[in-house]
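Each value in this text was obtained by applying a stated rule to the coordinates, not by laboratory testing. These numbers were taken from a predicted model, which means no experiment stands behind them. Virtual Cβ from ideal backbone geometry, glycine too; neighbours counted across all protein chains shown.
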Amino acid sequence: MTERVAEFLVSDSGGVTLSVRPPLPFVPDGVRIRSGRIEIYGETKRLLFDATADLIEAIGQVSGLLLIEHPASGPDDPRELELLLAD
């Protein structure tokens, strides 16, 4: 079984990217902030990520993030999705 690797990146211009490998087990619909954590949700599934206050603030300032899902292996291109911050 492949362990999931996830990394949040905040650019100098304020954009936020979440890079994950392997791809999520569902197609996400959006992102929410829940109890100091970042929730990526879709369909009836969700993943929670621990987050610093600075990261949460950065996501709030740009109203979402860019999700890049890298394949577990092989030459396939990563999938990119813009996820909007839900209330």
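Quick notes
- Between PHE26 and GLU57, the simple spin-label model (points 7 angstrom out along Cα→Cβ) gives 3.1 nm.
- The chain - percent relative contact order, Cα under 8 Å, separation 6 or more: 30 percent
- MRE, 222 nm, helices only [DSSP H, n ≥ 4, -39500 (n - 2.57), over the chain, to nearest 500]: -3500 deg cm²/dmol
- Separation between Cα centres of the range 60-79 and the range 31-50, rounded to whole Å: 16 Å
- Under 20 Å from a label point set 7 Å out along the Cα-to-Cβ vector of ASP12, the amide N atoms of the range 29-65 belong to 55, 58-59, 62.
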